[in-house]
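Trainee: Structure in structure tokens, see below.
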Amino acid sequence: MSLLEVRDLKTYFYIGNQVIKAVDGISFSVERNETLAIVGESGSGKSVTALSVMRLINPPGKVIEGDINYNNVNLQKLSEKQMCMVRGDRVSMIYQEPMMSLNPAISVGEQIREALLIHKTVPKSESKKRAIQLMNFVSIPEAQVRYNDLPAKFSGGMRQRIMIAIAIACNPDLLIADEPTTALDVTIQSEIMELLRSMKNKLNMSMLLITHDLGVVAENADRVIVMYCGKIMEEASVQDLFRKPMHPYTVGLMKCIPRIDSSVDKLYSIPGYIPHPSQFPEGCRFNDRCERATDKCREKMPELIEIHEGHKVRCWQHHD
Amino acid sequence: MNKIIEVKDLTKQFAVTSKLGAKTEFVKAVNGVSFDVLEGETLGLVGESGCGKSTTGRLILRLIKPTSGDIFLEGKNINQISDKELRKIRKDIQVVFQNPYSALDPKMTISDILSEPLSIHKVVHKYQYEKEVKRLLSLVGLSEKDMKKFPHEFSGGQRQRIGIARAIATKPKFIICDEPVSALDVSVQSQILNLLTELQNELKVSYLFIAHGLNVIRHMSNKVGVMYLGKIVEIGDVDEIYNNPIHPYTKTLLSSAPIPDPFNDRERQIIKGEVPSPINIPAGCAFHPRCQHAMEICKHKMPFLKGSGSQHKVACHLIDYNEKFRGE
């Protein structure tokens with residue numbers, strides 16, 4: 001049985017007279033000990049998906065449909081108080097910009113301890129000791145001394161380590177990482193991803209990794225979901241996706257990224273721009289940028305169908 | 001080929017005063033940088049945040065004044081010239097910024113934005129502004145219909161096209177592209193990179209291409225300079241640097257960048273620690289506290305850029321060491 005199962009999730013934003021269909025009917029599951037990556041460009045709905053799972057969508061946004069089952073418990077049906085006991089305890093989350101997620105006026109040690117106290121993971125008398133252990137665990141040098149330092153005294157990479165320490169404080173089953181390394185330099189990025197991988201293995205966690213970077217996906221994910229304009233376009237194991245991408249959007253995305261290990265004269269580029277979320281085209285949402293679009297694509301949205309085991313694609317070309 | 005830009009021993013220090021004004025310290029943002037850019041060529045500058053790559057760009061633009069060093073535009077020293085003369089040469093050196101949202105005045109129409117440089121630098125006669133603006137728009141792949149629109153009516157990629165049109169309006173010889181695609185989505189990024197390449201072929205302009213994305217730098221550049229704490233630690237032909245990096249920092253940087261290929265099994269070079277503060281740059285080689293090959297000499301003697309011809313230069317004591325070792 002899956003650890004997390006999301007079925008037909010729809011999260012819409014109501015702004016003025018407009019309805020923004022940020023997430024428009026997506027289903028997926030995260031198995032135990034696996035890393036599922038959601039990859040997509042801005043406006044694809046990947047972050048809104050994560051926030052919906054955590055029930056952190058605020059008005060004007062609303063989850064209007066769908067089930068989110070965590071360990072067979074429907075998170076939609078929990079009271080806010082019960083949900084608070086899930087967040088940070090069973091499911092925790094780290095964000096792109098660690099400075100925005102940490103309280104600038106409280107020492108990092110106390111912020112880690114807060115998570116332990118709220119969820120009563122350890123007795124109060126041992127909480128400080130445990131917080132320092134966690135800081136050591138995420139390789140913060142001189143943890144004992146730095147316990148009392150404010151977030152401002154840490155570099156970007158170190159702050160993300162603190163965030164990870166808070167997230168894993170209560171041994172969660174699922175860690176949602178929303179663009180965890182986007183704000184960091186490459187050398188720091190590879191350290192943080194390394195740390196996340198080792199934490200995941202040591203603590204037997206599952207990870208939902210949200211990113212726009214196919215390099216990060218290739219090196220960390222077991223399975224991948226490709227999102228575009230609120231819909232899942234393709235879903236596959238990381239090997240299948242890179243070996244044989246099926247959706248024209250996925251193919252285009254892979255071809256248009258310059259490589260560091262080889263060079264070409266002219267880059268492939270996907271024509272056009274990502275449509276504004278209030279102006280998705282009729283039919284397949286990628287049709288106006290797709291070189292292989294036919295009349296059928298402009299009229300009717302294709303279903304997400306399984307081509308072979310574990311590899312699903314939403315494209316008329318692959319129907320029948 | 002002619003040298004368009006030549007930079008010699010450029011340094012820039014910013015003074016920072018502590019809270020009570022008791023002590024003034026200096027951030028050594030750029031610390032003795034030299035390179036030249038030939039006609040029609042692209043030099044890529046790559047490095048992590050705080051390495052001084054953007055400051056170098058701003059120094060060449062003379063948006064800030066160098067602490068020491070010289071900048072030559074086609075052999076003419078532009079560091080010591082009067083403001084009036086400086087204004088004239090601004091036409092030859094233009095810039096494309098990272099964030100197309102903040103680089104365009106929200107209250108100006110596209111037509112106004114593109115006419116402004118035409119009028120300041122008297123590129124064409126007043127009566128020809130409209131025609132010229134249309135020509136610029138078509139060069140960057142936008143349509144005449146966009147002239148009367150405001151920046152907010154465009155997507156990020158389109159705005160960057162407007163930024164590029166503004167940069168080429170004065171027919172510059174040299175354009176500084178400061179992270180021009182970092183704020184864009186990957187599917188739009190390749191359009192802008194292709195546009196910059198096409199314009200270079202058509203207008204024979206030289207670029208200084210500043211970016212932190214190693215893949216983007218490889219694609220765009222003929223030559224690459226790798227910067228660390230205000231210094232160029234390795235510079236050379238792009239393929240040479242990427243296929244045969246010598247400086248331990250370059251090696252680390254290249255092996256840290258994730259490759260979109262799950263079947264790739266290259267070896268990672270992980271470095272420990274973080275970039276030191278540019279206020280207290282370590283003595284000797286600035287990279288030595290993080291370098292796994294650091295020797296005694298690295299702690300007190302600064303290595304100079306040297307190498308075989310102009311193709312590939314490295315600032316690292318290991319090369320001397322290896323040569324000596326081989327000699328014995």
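Trainee: Starting from the Cα gyration tensor of segment A:247-320, multiply each eigenvalue by 5, take the square root, and state the resulting semi-axes largest first in whole Å.
Mentor: That gives 24, 18, 10 Å for the three semi-axes.
Trainee: Order A:HIS212, B:HIS300, most accessible first, counting only protein heavy atoms with a 1.4 angstrom probe.
Mentor: From most accessible down to least: B:HIS300, A:HIS212.
Trainee: Further, regarding this structure: If you split all Cα-Cα distances of the protein assembly as shown into 20 Å bins from zero, what percentages do you get per bin, shortest first?
Mentor: 17, 47, 32, 4, 0
Trainee: Which angle between 0 and 90 degrees, to the nearest 10, do you get for helix B:129-139 versus the longest principal axis of chain B when only C-alpha atoms count?
Mentor: Here the helix axis deviates by roughly 50 degrees.
Trainee: Output wanted: per-residue J couplings in Hz (rounded whole) for segment B:251-264, from phi through Karplus 6.51 cos²θ - 1.76 cosθ + 1.60, θ = phi - 60°, x for Gly and Pro.
Mentor: 4, 4, 4, 5, 7, 7, 5, x, 9, x, 7, x, 9, 6
Trainee: May I pose another question? Quantify how strongly other chains surround peptide A:266-272 by giving the mean number of their Cβ atoms within 10 Å of each of its Cβ atoms.
Mentor: Averaged over the peptide's residues, the number is 6.
Trainee: So if I place +1 on the C-beta of Lys and Arg and -1 on the C-beta of Asp and Glu, and nothing else carries charge, what would the dipole magnitude of the protein assembly as shown be about its Cα centre? I want it in debye, nearest 20.
Mentor: Around 1700 debye, computed over the protein assembly as shown.
Trainee: Helix B:156-168 against the longest principal axis of chain B: what's the angle in degrees, Cα atoms only, rounded to the nearest 10?
Mentor: With both axes taken from Cα atoms, the answer is about 80 degrees.
Trainee: Hey, another quick one. Which far-off residues, 5 or more places away or on another chain, put their amide H under 5 Å from the one on A:SER206, with H placed in the peptide plane?
Mentor: Under 5 Å from the amide H of A:SER206 lie the amide H atoms of A:ASN33, A:LEU174, A:LEU175, each far enough along the sequence or on another chain.
Trainee: With contacts defined as alpha carbon pairs under 8 Å and 6 or more residues apart, what's the relative contact order of chain A in percent?
Mentor: 20 percent
Trainee: Here's another thing I want to ask about it. In segment B:226-277, which chymotrypsin sites (Phe, Trp or Tyr not before Pro) are in a loop and have at most 16 other Cβ atoms within 10 Å, using DSSP for the loop call?
Mentor: B:PHE263
Trainee: According to a simple spin-label model (label point 7 Å from Cα along Cα-to-Cβ), what is the distance in nm between B:SER143 and B:MET295?
Mentor: The modelled label-to-label distance comes out at 6.5 nm.
Trainee: How large, in Å, is chain B by the Kirkwood hydrodynamic radius built from its alpha-carbon pairs?
Mentor: For chain B, inverting the mean 1/r across all distinct Cα pairs yields 21.3 Å.
Trainee: Out of segment A:239-320, which GluC sites (Glu not before Pro) are coil in DSSP terms and have no more than 14 other C-beta atoms within 10 Å?
Mentor: A:GLU282, A:GLU291, A:GLU303, A:GLU309
Trainee: Counting only protein heavy atoms and using a 1.4 Å probe, what share of the accessible area of segment B:3-327 belongs to carbon plus sulfur, as a whole percent?
Mentor: Roughly 51 percent, rounded to a whole number.
Trainee: Note the buried accessible area between A and B here, summed over both chains, with a 1.4 Å probe, in Å² to the nearest 100.
Mentor: Buried area (both sides, nearest 100 Å²): 3700 Å².
Trainee: Can you give me the Rg/Rh ratio for segment B:1-45, using Cα atoms for both radii and the Kirkwood formula for Rh?
Mentor: Reported Rg/Rh, Kirkwood definition of Rh: 1.27.
Trainee: Probe radius 1.4 Å, ligands and nucleic acids left out: which of B:LEU20, B:LEU59 has the largest accessible area, and how do the rest follow?
Mentor: Largest accessible area first, the list is B:LEU20, B:LEU59.
Trainee: Is there a simple number for the mean count of other chain Cβ atoms within 10 Å of the Cβ of residues in A:214-224, and what is it?
Mentor: 3
Trainee: Using modelled backbone amide H atoms (1.01 Å from N, in-plane), which distant-in-sequence or interchain residues come within less than 5 Å of B:TYR207's amide H?
Mentor: Hits under the 5 Å cutoff: B:GLU41, B:THR42, B:LEU43, B:ILE175.
Trainee: If you don't mind, there's one more thing I want to ask. Place a +1 charge on the Cβ of each Lys and Arg in segment A:49-129 and a -1 charge on the Cβ of each Asp and Glu, then give the dipole magnitude about the Cα centre in debye, rounded to the nearest 20.
Mentor: It comes to approximately 280 debye.
Trainee: Next up: Can you give the log10 of the normalised intensity I(q)/I(0) at q = 0.17 Å⁻¹, computed with Debye over equal Cα scatterers of segment A:181-262?
Mentor: -0.79
Trainee: Going by the alpha-carbon gyration tensor, a ≥ b ≥ c the square roots of its eigenvalues, is segment A:20-74 rounded (a/c under 1.5) or, if a/c is not under 1.5, prolate (a/b greater than b/c) versus oblate?
Mentor: oblate
Trainee: With every protein chain present, what is the per residue accessible area of segment B:3-327 (1.4 Å probe, Å²)?
Mentor: Computed with neighbouring chains in place, this is 46 Å² per residue.
Trainee: With a 1.4 Å probe and all protein chains kept in place, how much accessible area does A:LYS255 have, in Å² rounded to the nearest 10?
Mentor: 110 Å²
Trainee: Still on this structure, please answer the following. Along segment B:275-288, what does the Karplus equation 6.51 cos²θ - 1.76 cosθ + 1.60 (θ = phi - 60°) give for ³J(HN,Hα), rounded to whole Hz, x for Gly and Pro?
Mentor: Once rounded to whole Hz, the list reads 4, x, 5, x, 7, 10, 6, x, 5, x, 6, 4, 8, 4.
Trainee: For the residue pair A:SER79 and B:ALA22, what label-to-label distance in nm results when each label sits 7 Å from Cα along the Cα-to-beta-carbon direction?
Mentor: Inter-label distance under the simple model: 5.5 nm.
Trainee: Right, here's the next one. What nm value, rounded to one decimal, do you get for the distance between A:LEU150 and A:ASN17 when each label is placed 7 Å out toward the C-beta?
Mentor: Output for this residue pair reads 4.8 nm.
Trainee: Filter A:LYS266/B:LYS76; A:LYS255/B:LYS204; B:LYS76/B:LYS272; B:LYS19/B:LYS251; A:LYS77/A:LYS244 down to the pairs with a C-alpha to C-alpha distance above 32 Å, please.
Mentor: Going by Cα-Cα distance, A:LYS266/B:LYS76; B:LYS76/B:LYS272; B:LYS19/B:LYS251; A:LYS77/A:LYS244 fall outside the 32 Å limit.
Trainee: Can you give the average number of partner chain beta-carbon atoms within 10 Å of each beta-carbon in peptide B:241-251, as a whole number?
Mentor: 1
Trainee: Kindly express, to the nearest 10 degrees and within the range 0 to 90, the angle between helix A:108-118's C-alpha long axis and the longest C-alpha principal axis of chain A.
Mentor: 80 degrees
Trainee: For A:GLN76, what charge total do you get from the other residues with a beta carbon under 11 Å from its beta carbon, if Lys and Arg give +1 and Asp and Glu give -1?
Mentor: Around A:GLN76, the surrounding residues sum to +1.
Trainee: Also: What does the charge dipole of segment B:3-327 about its Cα centre add up to, to the nearest 20 debye, if the Cβ of each Lys and Arg holds +1 and the Cβ of each Asp and Glu holds -1?
Mentor: Taking the Cα centre of segment B:3-327 as origin, the dipole is about 920 debye.
Trainee: To the nearest 10 square angstrom, what accessible area does A:LYS153 show with a 1.4 Å probe?
Mentor: 140 Å²
Trainee: What FRET efficiency comes out for A:GLU110 versus B:MET302 if R0 is 41 angstrom and r is the Cβ-Cβ distance? Round to the nearest 0.05.
Mentor: Efficiency computed from Cβ-Cβ geometry: 0.45.
Trainee: Farthest toward the dipole's positive end in the protein assembly as shown, which of A:THR294, B:GLY230, B:PHE154, given Cβ charges of +1 (Lys, Arg) and -1 (Asp, Glu) about the Cα centre?
Mentor: B:GLY230
Trainee: Counting Lys +1, Arg +1, Asp -1, Glu -1, what net charge surrounds B:VAL275 among other residues with beta carbon under 10 Å of its beta carbon?
Mentor: -2
Trainee: Counting just the Cα atoms, what span does chain A cover along each of its three principal axes? Round to the nearest Å and put the largest first.
Mentor: 68, 49, 40
Trainee: Report the FRET efficiency, 1/(1 + (r/R0)^6), for B:GLU130 and B:ASN2, where r is their Cβ-Cβ distance and R0 is 60 Å, rounded to 0.05.
Mentor: 0.95
Trainee: Out of segment A:1-81, which GluC sites (Glu not before Pro) are coil in DSSP terms and have no more than 14 other C-beta atoms within 10 Å?
Mentor: Within segment A:1-81, no GluC sites (Glu not before Pro) qualify (loop, at most 14 other Cβ atoms within 10 Å).
Trainee: Let me ask something additional. Would you pull out the residues with amide H under 5 Å of A:ILE232's amide H, same chain only if 5 or more places away, H placed 1.01 Å from N?
Mentor: Correct list: empty.
Trainee: Then there is this: If you average the alpha carbon positions of segment B:126-149 and of segment B:17-62, how far apart do those two centres end up, in angstrom?
Mentor: If we compute the Cα centre of each part, the gap is 35 Å.
Trainee: Kirkwood hydrodynamic radius, segment B:1-126, all distinct C-alpha pairs: what's the number in Å?
Mentor: It is 16.9 Å.
Trainee: With unit charges on the beta carbon (Lys/Arg positive, Asp/Glu negative), name the residue among B:ASN31, B:LEU139, B:GLY69 whose Cα is farthest towards the positive pole of the charge dipole of segment B:3-327.
Mentor: Result: B:GLY69, furthest along the dipole toward the positive end.
Trainee: Counting only other residues whose beta carbon sits under 15 Å from that of B:GLN311, what net charge do I get with K and R as +1, D and E as -1?
Mentor: Net charge in that neighbourhood comes out at -3.
Trainee: I'd like the Karplus ³J(HN,Hα) series for segment B:222-239: coefficients 6.51, -1.76, 1.60, θ = phi - 60°, whole numbers in Hz, and an x wherever there's a Gly or Pro.
Mentor: Once rounded to whole Hz, the list reads 8, 10, 10, x, 9, 10, 9, 6, x, 10, 7, 9, 7, 9, x, 4, 4, 5.
Trainee: For B:SER111, A:SER263, what's the largest-to-smallest order of accessible area, 1.4 Å probe?
Mentor: A:SER263, B:SER111
Trainee: For the pair A:ILE64 and B:ILE270, what calculated FRET efficiency results from E = 1/(1 + (r/R0)^6), where r is the Cβ-Cβ distance and R0 = 56 Å, to the nearest 0.05?
Mentor: Once the sixth-power term is evaluated, E becomes 0.80.
The values are calculated or read from the model by the stated rules, or taken from the named source; none is laboratory data. These numbers were taken from a predicted model, which means no experiment stands behind them. Cβ sites come from the backbone with ideal geometry, for glycine too, and all protein chains shown count toward neighbours. Keep in mind that these areas ignore ligands, DNA and RNA; they rest on the heavy atoms of the full protein, side chains included. Shrake-Rupley method; radii C 1.70, N 1.55, O 1.52, S 1.80 Å.
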